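Asks: First the structure, then my questions, so here it is.
The values are calculated or read from the model by the stated rules, or taken from the named source; none is laboratory data. Just so we're clear, the structure is a prediction, and the values are computed from it rather than from any experiment. Note that we place each Cβ from the backbone using ideal geometry, even for glycine, and neighbour counts take in every protein chain shown.
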Amino acid sequence: MNLLEILSYGFIQRALLAGTLIALLCSVLGVFLVLRRISLIGDGLAHVTFGSTAIALALKMYSTLSLLVSMPIVLLASLGILKLTEKGRLSGDAAIGLVSALGISAGIILASVGGGYNVDLLSYLFGNILSISLEEVIIAALLCVGVIVLMSLYYNELFAIAFNDELAKVSGVNASYISSILVLLTALSVVLAMKLVGIMLISSMLIVPAASALQLARGFKACIALAAAQGCGSVIIGIILSILINLPASATIVMVNLLFFATAFVTRRIIYPKNSN
Amino acid sequence: MPGEIVVRTEQLACCYREGRVLECVSFEVERGDYVGIVGPNGSGKSSLVKSLLGLVEICHGTASLFGSRLKDFSDWHKVGYLPQSLNLLNPVFPATVRETVGLGLLSLKRFPKRMNRSDNDKIDETLYELGISDLKTKLVGELSGGQLQRVLLARAIVNDPELLVLDEPTAALDQETRERFYSMIADINRTRGVTIMLVTHDSGAIGKYASKMLYLDKKVLFYGSFEEFCHSPEMSSLFGEHSQHLMCHRH
């Protein structure tokens, strides 16, 4: 099968379109999360997505309908993590761990009680972008546009809280409100990314492009642009490679992402040897 | 206008989860003052300025900025803040000096807080004024302690604040860089008329520049002009006459 032939299939076009949009979101958000040192929030929220998907499947709500159950639950969980950090005498990682444990244990209990839908639940664990429906592509596209518009409106405030909370507050930025926006947007992206790479690998879509961009970027905007380029490039290359050599798309996307990171890591040491430690 | 009260606290106490760190702190800062806030380690100096900026909870008493109670205060463009830089910096943060200084202009912006060409001119002008134009494309993580301090100062004054609060800005600097920094702040106070509140553990050096001294140890032990500080019997008994003389000897 050659490249043109691959690209002529409708299911691959849908996968590439939705995958690129979701990767764009995750990689841009990932820069802010990594710099605020809360990048594992993606992992925690992915575990909550697992629990919420188990609830959706127990209610016989599949595919697009399962998003209607997952989204409000994951959005609430993201705010819960923030509140636990602010009010619960907990550090961010402990709060993420708590919410994550709740999500995954609720998912396991529901899966065990429900019995008959375990196989469906497993498909959410590892993602299946090639089976994405037109309806899901449209929902992903609409949400992506919404998230990107919000991010561009709040860009400078997100930049300010990523740099330093205290300085942001004294510049009149409502840091708590902007943090809430950041985690809510992350929650939406995590639910969307579940279809792309599955619950197990969602955090890699948030962390790896940002980690690579931080190796090479000479400026904040450049960092975001590099992360976005890597995120989107990995999805396109990963999906095509997975078809050509018959591998699971989700894991191939993540491996391509990691390869980009390794390249950036080595390149930094060659270009900026003085600043590499 | 001279004589205008820029900062006022009344019976202020601020609290962390572990308990209170300040008790009954009352003082006023007038427009154009250069107040050196000194005191031993753990005396609550940083907590005091942070509580004035709304960064630490005030659990008793009141604080006001420019005549507004702190909880109602929204004119943050009138305030510049320079924290201790080493605690602040994430060494891998990818922002350039220009981008970092630009963050200081956010207090002047309404939603959506976008930058424009005149903002870029303002940033360049401030970098030039502080003699760091050559650093503008460098990443903040690549700067030395002294360079970083000047960049954060540029960030704090780029919005032309009327009050500049500095929290141990020279803690990580060598003696020569520290003196240069204090002198730069004195210039800003004199030429721009900016009111300064500077926290330091270095009572001797700040004495050369500050118009008022506030000596804090959980509560205010002394607040007055530098001359009064030098002749205060309370300060003599605290420091010893010889140390007080050394502190007060302006070069």
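Asks: Right, residue B:225: modelled with pLDDT of 85 or more and either over 18 Å from the mean Cα position of the chain (by Cα) or of a type outside the set (Phe, Trp, Tyr) (or both) or not?
Replies: Yes; evaluated as a whole, the condition is true for this residue.
Asks: Which of the residues belonging to the stretch A:130-159 are more than 9 Å from chain B (Cβ to nearest Cβ), among the hydroxyl-bearing types (Ser, Thr, Tyr) and in contact with a helix residue (DSSP H, G or I) (Cβ under 7 Å, 6 or more places away or on another chain)?
Replies: Correct list: A:133 only.
Asks: Turning to a different aspect of this structure: Which of the helices (runs of 4 or more DSSP H) found entirely inside the stretch B:25-106 contain at least 2 residues meeting this: among the acidic types (Asp, Glu)?
Replies: none
Asks: Right, another one. Being touching a strand residue (DSSP E or B) at 6+ places or on another chain (Cβ under 8 Å) and modelled with pLDDT of 90 or more narrows it down to one residue among A:157, A:166; which is it?
Replies: A:166 is the lone residue from the list that is touching a strand residue (DSSP E or B) at 6+ places or on another chain (Cβ under 8 Å) and modelled with pLDDT of 90 or more.
Asks: Now a separate question. Kindly check whether there is at least one residue in the stretch B:75-93 that is within 11 Å of another protein chain (Cβ to nearest Cβ), over 20 Å from residue B:21 (Cα atoms) and small (Gly, Ala, Ser).
Replies: The answer is yes, given that some residue of the stretch B:75-93 is within 11 Å of another protein chain (Cβ to nearest Cβ), over 20 Å from residue B:21 (Cα atoms) and small (Gly, Ala, Ser).
Asks: Please go through the stretch B:112-156 and give me each residue that is acidic (Asp, Glu) and more than 14 Å from chain A (Cβ to nearest Cβ), ordered by number.
Replies: Residues satisfying the conditions are B:121, B:124, B:125, B:129, B:134.
Asks: Does residue B:38 satisfy the condition of being touching a Ser or Thr at 6+ places or on another chain (Cβ under 8 Å), within 14 Å of chain A (Cβ to nearest Cβ) and in contact (Cβ under 8 Å) with a residue 12 or more places away in the chain?
Replies: In short, no.
Asks: I've got another one for you. Within the stretch B:112-130, can you find the residues that are surrounded by fewer than 11 Cβ atoms within 10 Å (Cβ to Cβ) and not charged (D, E, K, R)?
Replies: Within the stretch B:112-130, B:116, B:118 meet the criteria.
Asks: Can you tell which of A:162, A:94 is more than 28 Å from residue A:67 (Cβ to Cβ), hydrophobic (A, V, I, L, M, F, W, C) and within 14 Å of chain B (Cβ to nearest Cβ)?
Replies: None of the others qualify; the one that does is A:162.
Asks: Now for a different question. Could you name every one of the strands (runs of 3 or more DSSP E) located completely within the stretch B:170-242 that has at least 1 residues being buried (at least 17 other Cβ atoms within 10 Å of the Cβ) and free of Cβ contacts under 8 Å to residues at least 60 places away in the same chain?
Replies: The strands (runs of 3 or more DSSP E) meeting that bar are B:219-225.
Asks: From B:109, B:45, grab the single residue that is surrounded by 15 or more Cβ atoms within 10 Å (Cβ to Cβ), within 14 Å of the chain's Cα centre (by Cα) and among the charged types (D, E, K, R).
Replies: Just a single option satisfies the conditions, and that option is B:45.
Asks: Do the conditions hold for residue A:173, that is, is it hydrophobic (A, V, I, L, M, F, W, C) and either surrounded by fewer than 14 Cβ atoms within 10 Å (Cβ to Cβ) or within 14 Å of another protein chain (Cβ to nearest Cβ) (or both)?
Replies: yes
Asks: I've got another one for you. Based on this model, can you work out whether residue A:213 counts as within 29 Å of residue A:130 (Cα to Cα) and either surrounded by fewer than 24 Cβ atoms within 10 Å (Cβ to Cβ) or among the small types (Gly, Ala, Ser) (or both)?
Replies: yes
Asks: Shifting gears a bit: Taking the stretch B:54-69, which residues are in contact with a helix residue (DSSP H, G or I) (Cβ under 7 Å, 6 or more places away or on another chain), more than 8 Å from chain A (Cβ to nearest Cβ) and modelled with pLDDT under 95?
Replies: B:56, B:58
Asks: Separate question: Give the residue that is farthest from the other protein chains (Cβ to nearest Cβ), with candidates limited to residues of the stretch B:1-20 that are charged (D, E, K, R) and outside any strand (DSSP E or B).
Replies: B:4
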